[in-house]
Amino acid sequence: MAAVKIRVSQMDANDDSGIEQRFQRNTYIVIIIAIVAGWLLSGWRMALGALLGGVLSLFNKRWLVGSVRAILSTAVATQSARVPSGSASKFVLRYFVIAIVIAAAMWTGDFHPLGIGIGFAAFVGGVMIEAAYQLYLSFRHFKSDENISRE
């Protein structure tokens, strides 16, 4: 029975910035694919829904990152576990803003609700692309280690 080696990630700060850039790029790719596929398969309402959902996804991520950064920097600066209520309320406020935008879009009738949902999930699609890429790198690295050990 052969010994199995478990690899530990050797990521550093430079790799982190690359991942963030790839997440952003992958999210844009998923949004564009959703818009084009929506337009080709279901028409302009679906494409507009995917566009709106994609914009809301980008807006949500940006606001979430800003809110978490503000909450954590306040907690670090004060050296306490308490977070000011204003910071926490901004964290929750984005859900209401997104819900109002979606409700207004649905009220107009120009945006397909499924398209909005697909576009809003674009970040998840970007993460899945990155997961597949990391899996590919892992297998490639494993394969090269296997070839080295056989020699």
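The values are calculated or read from the model by the stated rules, or taken from the named source; none is laboratory data. Since this is a predicted model, take the numbers as computed values, not measurements. All Cβ positions, even for glycine, are placed from backbone atoms using ideal geometry, and neighbour counts span all protein chains on display.
What about VAL101, is it over 24 Å from PHE23 (Cα atoms) and assigned to a helix (DSSP H, G or I)? Let's see the steps before the verdict.
Values: over 24 Å from PHE23 (Cα atoms): yes; assigned to a helix (DSSP H, G or I): yes.
In short, yes.
Would you confirm, using the coordinates I've provided, whether PRO113 is more than 15 Å from ASN60 (Cα to Cα) and modelled with pLDDT under 70? No, not satisfied.
When each of SER57, SER89, SER80 is tested for being surrounded by 13 or more Cβ atoms within 10 Å (Cβ to Cβ) and of a type outside the set (Phe, Trp, Tyr), the lone residue that passes is SER57.
Return the residues of the stretch 22-52 that are of a type in the set (Phe, Trp, Tyr) and farther than 14 Å from ILE118 by Cβ; say none if nothing qualifies.
PHE23, TYR28, TRP44
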